[in-house]
Amino acid sequence: MLSKEQFQAALALPQPWVVDRTEFVAKAKHLDIYLDFPRGARFPCLEGDETDCGVHEPTTRPGDT
């Protein structure tokens, strides 16, 4: 299985997104890739004049599933 860093590079995820973990179910031939971002991360704003925007914490965090 590829490492989180290899998935990160292969997906070319922009900052602040990171691959948190991966799960492969061989029997079902199913790969889940979980993404996350550091607390307090800022993202480019899609609207308005600000160069970056904060976000509200997501309702689901790693380990909550």
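The values are calculated or read from the model by the stated rules, or taken from the named source; none is laboratory data. Keep in mind that this is a model prediction, so the values were computed, not measured. Cβ atoms come from the backbone with ideal geometry, glycine included; neighbour counts cover every protein chain shown.
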Check your understanding: So which pairs qualify, if the first residue must be in region 7-26 and surrounded by fewer than 12 Cβ atoms within 10 Å (Cβ to Cβ), the second must be assigned to a loop (DSSP other than H, G, I, E, B), the Cβ gap must be under 9 Å, and the two must be at least 6 apart or on different chains?
Key -> Ala10/Leu2; Pro14/Pro44; Gln15/Phe37; Gln15/Ala41
Exercise for review: Exactly one condition in (1) touching a Ser or Thr at 6+ places or on another chain (Cβ under 6 Å); (2) modelled with pLDDT under 90 is not met by Ile33; state its number.
Suggested key: (2)
